[in-house]
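Notes follow the structure.
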Amino acid sequence: MAIKERHNITLSQDTWKVLKALKRVQGRSISEILETAVWKLAQTEKYNPIYFKIMSSVSPLDDKENQELTEILDGLTNEDLEVAEKYEI
């Protein structure tokens, strides 16, 4: 399970009302609803979720390193991400 951090965000009143209603209807926290929405947006827009997970877990890179890594990650296919072999340690 990922470690959670507290952040402040600004939302319109209408958006906040919808989130509170979704919380009540779905029985999930607003944080869970927002996380799900972000990952679904990334998937719908055909962003590679692995790209975001990797890019958000590394320290800042200079522009050249960032460009090189972005090109490599953008070139990954679903086949590249398939598990080839499993080992139990």
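Computed quantities for the displayed model
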{"item": "Kirkwood hydrodynamic radius of the chain, from inverse mean 1/r over distinct Cα pairs, in Å", "result": "16.4"}
{"item": "Which of Ile3, Ser29, Leu61, positive extreme of dipole for the chain (C-beta unit charges)", "result": "Ser29"}
{"item": "Approximate spin-label separation Lys86-Thr15, in nm, with each point projected 7 Å along Cα-to-Cβ", "result": "3.9"}
{"item": "Set of lysines with alpha-carbon distance to Lys17 below 30 Å, sequence-local pairs under 8 removed", "result": "Lys4, Lys40, Lys46, Lys53"}
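The numbers here are math on the coordinates, done by the rules we state, and not lab data. Because the structure is predicted, anything quoted here is derived from the model rather than measured. Note: ideal-geometry Cβ built from the backbone for every residue, glycine included; neighbour counts use all protein chains shown.
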